[in-house]
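The values are calculated or read from the model by the stated rules, or taken from the named source; none is laboratory data. Just so it is clear, the structure is predicted and the values come from calculations on it, not from any experiment. Ideal geometry is used to build each Cβ from the backbone, glycine not excepted, and the neighbour counts take in all protein chains shown. Just so you know, the surface numbers come from the protein's heavy atoms only, side chains and all, with ligands and any DNA or RNA stripped out. Shrake-Rupley method; radii C 1.70, N 1.55, O 1.52, S 1.80 Å.
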Amino acid sequence: GSQGVAAGVPGRDLVQGDLRVGVAPPQTSYTWTRDMIPGRTYSFVMWAGDAKGRESAKTNTVTVTLPVDATPPAAPVVSVTGTTSSSVSLSWPAVADDDYTCCTYRVFANGTLVSLDNLVWSGERAVTVLRLADATTHSLTVVAVDPSRNVSAPSAAVTATTQPTARPPHHHPCHRSM
């Protein structure tokens, strides 16, 4: 008989957990990409079936532990896009990483991690850092964190000077010339 899966479609069945996929001949390999998480262990079994619904014995179980991604993403290249008296806006292009879903980002001001309530994100890679001292030069860096929690080197520091807060003009007493 011809090879097929139980549903009558020619091919083989490959099962992982409760998921099943049919592999049509003449294919003898299949790349499983669905819901794969680095560091987790998965088991697969396979069998052949024919158009009449008869199935062969199942193969041995193949167990695979996915490698954990240990490669950090590249450091972001950050630009200052604006300043006010209490905030600095930053942006950067996507970073290179071997993980297709890179990345989340952490922002540091003057060497200290900026808390989430002091960040306003206007895009995936555009953020405004709030509550900075006015008329002060701040040093800002960004690190990228991939889904495997690998952290990039910090970006090169960018400096931005917040604007002075407008103050009422200061009146000097008149000096009388002698």
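Key figures for this structure:
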{"read-out": "The stretch 94-120, residues that are open to solvent by less than 80 Å² (accessible area, probe 1.4 Å) and more than 28 Å from ALA166 (Cα to Cα)", "value": "ALA94, VAL95, ALA96, ASP97, ASP99, THR101, CYS102, CYS103, TYR105"}
{"read-out": "Hits in the stretch 73-90 - residues which are part of a strand (DSSP E or B) and not β-branched (Val, Ile, Thr)", "value": "SER79, GLY82, SER89, LEU90"}
{"read-out": "Yes/no for ARG131 being open to solvent by 60 Å² or more (accessible area, probe 1.4 Å), at pLDDT below 95 and not small (Gly, Ala, Ser)", "value": "no"}
{"read-out": "Residue match in the stretch 73-83 (condition: without any contact (Cβ under 8 Å) to a residue 60 or more places away in the chain and β-branched (Val, Ile, Thr))", "value": "yes"}
{"read-out": "Positions within the stretch 127-143 being touching a strand residue (DSSP E or B) at 6+ places or on another chain (Cβ under 9 Å) and either under 10 Å from ASN110 (Cβ atoms) or not in a strand (DSSP E or B) (or both), in sequence order", "value": "LEU130, LEU132, ALA135, THR136, THR137, HIS138, SER139, LEU140, THR141"}
{"read-out": "Sole residue being within 18 Å of the chain's Cα centre (by Cα) and open to solvent by 30 Å² or more (accessible area, probe 1.4 Å), chosen from ALA57, ALA75, ALA51, ALA126", "value": "ALA75"}
{"read-out": "Filtered residues of the stretch 136-162 (kept if among the polar types (S, T, N, Q) and farther than 12 Å from VAL77 by Cβ)", "value": "THR136, THR137, SER139, SER148, ASN150, THR159, THR161, THR162"}
{"read-out": "Total residues in the stretch 60-70, condition under 27 Å from VAL142 (Cβ atoms) and surrounded by 11 or more Cβ atoms within 10 Å (Cβ to Cβ)", "value": "2"}
